[in-house]
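The values are calculated or read from the model by the stated rules, or taken from the named source; none is laboratory data. Predicted model only: the values in this text are computed from it and were never measured. Using ideal geometry, Cβ is built from the backbone for each residue, glycine included, and neighbour counts are taken over all protein chains shown. Surface accessibility is based on the protein's heavy atoms, side chains included, excluding ligands, DNA and RNA. Shrake-Rupley method; radii C 1.70, N 1.55, O 1.52, S 1.80 Å.
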Amino acid sequence: MTDRILDCLVIGAGPAGLQLGRLLHEQGRDYLILEEGSVPGSFFTVYPRHRRLISINKPHTGSRDPEFNLRMDWNSLLSPDPELLFTRYSERYFPDADDMVRYLADFADRFALHVRYGSRVTEVGREGEDACFTVGDERGQRYRARRVVVATGVSRPYVPEIPGIEHAEQYATVSVRPGDFTDQRVLIIGKGNSALETADNLVETAAVIHVAGPHSLRLAWQSHFVGHLRAVNNNFLDTYQLKSQNAVLDGTVQRIERQGDGYLVRFSFSRADEVVKELRYDRVIACTGFRFDASVFADGARPRLVINDRFPELTSAYESVNVPGLHFAGTLTQQRDFKVSTSGFIHGFRYGTRALHRILEQRHHDRPWPSRELPVKAGDLAEAVVERVNRTSALWQQFGVMADVLVVDGGSARYYEEVPVGYVHEGLVEPGDADVFTVTLEYGPDHDKVDPFDISVRRVAQDAVGTAHDAAYLHPVVRHYRRGVLRATHHLAENLENEWSSADVHVAPLRAFLAGAARASVD
């Protein structure tokens with residue numbers, strides 16, 4: 001074991017590990033990234049199996065504002081190089097996964113990041129009086145670090161406890177050649193994108209396809225959670241509703257048995273009075289998602305897991321709740337906003353990773369969170385908020401998760417950008433700070449219950465003073481806290497083109513709210 005103690009050891013050179021590595025490199029920190037594959041982002045050399053990403057890539061937005069353009073670019077990492085954008089690698093709205101592999105390799109090379117490839121981590125422990133972490137890899141190398149950041153993603157298939165599940169083929173290894181399923185009856189367990197992506201691939205060759213799961217199928221365009229079923233993968237639903245031998249089964253697979261050349265599946269239907277039927281298939285495929293692999297953590301360094309042991313439980317600082325100094329970046333941080341916002345995806349966690357870096361710098365290197373001073377006047381504060389909400393990508397992508405923060409105390413006002421909502425009162429502001437305003441972009445509480453194509457539903461909800469408490473669509477929300485206690489909330493009216501800059505509808509009501517909330521201290 002080397003005597004050198006790294007400031008930060010990052011496990012995984014995927015998008016989050018590279019994003020954090022660039023920020024650590026920029027500050028001159030002593031860091032190292034360990035990657036089990038031979039290239040950055042080796043996950044994308046295999047997944048998605050059918051090679052089409054479902055992350056939006058939109059090079060042509062009509063805008064020259066790089067910050068605004070990141071709203072439509074879900075694949076680029078944050079960097080000071082204006083040319084190092086994923087939109088330079090593909091024109092396709094849903095690009096090929098191989099383009100991501102090329103992009104990540106160029107990103108690592110461009111910033112000369114300290115990555116050690118072919119170094120699969122086999123053990124993470126903690127020992128010694130300095131409480132440093134010890135990390136071992138498959139080569140027999142051992143490293144020491146004050147802090148460890150895990151950015152490996154969900155690398156292990158999540159296998160539900162179904163008797164006979166060992167007979168099912170796994171999404172990770174099943175054939176992607178449609179001809180291998182000609183005239184076969186196929187059961188696909190799961191109702192997410194991997195399941196429907198697999199089903200769509202077999203529509204032209206399989207005789208019968210059933211997609212099954214116990215929960216309701218959720219459509220991303222209605223729930224606004226991009227991990228729910230995306231429209232690009234839902235052609236299969238058309239074949240089901242138009243009676244083309246395919247179906248979505250709502251219920252539970254109770255047992256899978258091998259029977260001759262096929263399988264007998266015992267299935268309990270949840271919407272048919274719990275009727276149980278035995279159905280025969282030629283193939284059974286499990287597309288049930290992935291989970292975090294915690295097997296490498298030794299006692300004393302093993303993070304507590306939640307959500308069926310699929311994710312580590314995290315604080316607002318992206319730190320394990322039970323292992324201080326063990327942080328997480330990337331898709332693993334979605335435990336904080338599971339199936340609600342975007343921390344599980346590049347366009348979300350690139351901002352979470354930057355926030356994590358700012359937290360580490362604040363805690364361990366005495367570098368305060370970046371901020372700027374503003375005049376203590378309601379008009380100037382309102383102008384700053386409106387300017388930000390009309391162009392920010394971080395608040396747009398991390399809706400309800402990331403906030404801008406205004407701190408007004410006496411004769412001073414400071415504006416902080418892109419702070420995790422949970423961290424605002426747990427690490428950024430002091431309990432004695434007089435007036436704190438958080439600025440977020442959020443959907444309404446019942447947004448997933450509204451049919452956006454129903455013309456009888458009013459889209460813009462505002463009262464006489466311009467607030468929009470009932471708005472279902474994405475809109476800015478400003479909350480006022482006085483010494484840590486929520487005192488008032490102001491909603492800016494939603495807008496079809498997401499432009500919240502009307503003098504009468506948006507700016508004037510916001511200015512009045514800020515002035516009234518801070519009691520003339522901002523007049």
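A few remarks follow.
- Dipole moment magnitude, nearest 20 debye, the chain about Cα centre, only Lys, Arg, Asp, Glu C-beta charged: 420 debye
- On a per residue basis, the stretch 250-296 carries 50 Å² of accessible surface, using protein heavy atoms and a 1.4 Å probe.
- Basic side chains Lys and Arg get +1 at the Cβ, acidic Asp and Glu get -1 at the Cβ, and with that the dipole of the stretch 1-52 about its Cα centre reaches some 440 debye.
- Whole-percent carbon and sulfur share, accessible surface of the stretch 2-138, 1.4 Å: 49 percent
- Overall form of the stretch 120-271 per C-alpha gyration tensor (a/c, 1.5; a/b vs b/c): prolate
- Ellipsoid equivalent to the stretch 381-437 - semi-axes via the Cα gyration tensor, in Å: 20, 15, 6
- A cut-off of 5 Å between modelled amide H atoms, ignoring neighbours fewer than 5 places along the same chain, links Arg255 with Arg266.
- Note that the stretch 1-156 presents 44 Å² accessible area per residue, ligands and nucleic acids not counted, probe 1.4 Å.
- Taking a ≥ b ≥ c as the square roots of the eigenvalues of the alpha-carbon gyration tensor, the stretch 345-452 is classed oblate because a/c is 1.5 or more while a/b is no larger than b/c.
- Anisotropy class of the stretch 1-68 from Cα gyration tensor, a/c 1.5 cut: oblate
- Cut-off of 10 Å, at most 13 other beta carbons, DSSP loop: longest stretch of the chain lacking such GluC sites (Glu not before Pro): 275-496
- The lysines within cross-link reach of Lys277, meaning a Cα-to-Cα straight distance under 25 Å and a gap of 8 or more places when in the same chain, are Lys191, Lys243.
- Accessible surface calculations at 1.4 Å, restricted to protein heavy atoms, place the stretch 396-455 at 40 Å² per residue.
- Spherically averaged projected area in nm², based on the convex hull that wraps the Cα atoms of the chain: 27.3 nm²
- Using θ = phi - 60° and Karplus 6.51 cos²θ - 1.76 cosθ + 1.60, couplings along the stretch 148-165 (whole Hz; Gly, Pro as x): 10, 10, 8, 10, 8, x, 8, 9, 10, x, 8, 10, x, 7, 10, x, x, 4
- Accessible area of the stretch 291-419 belonging to carbon and sulfur atoms, whole % at 1.4 Å probe: 45 percent
- Separation between Cα centres of the stretch 138-203 and the stretch 394-430, rounded to whole Å: 38 Å
- Antiparallel %, DSSP beta bridges [both residues in the chain], to 5: 65 percent
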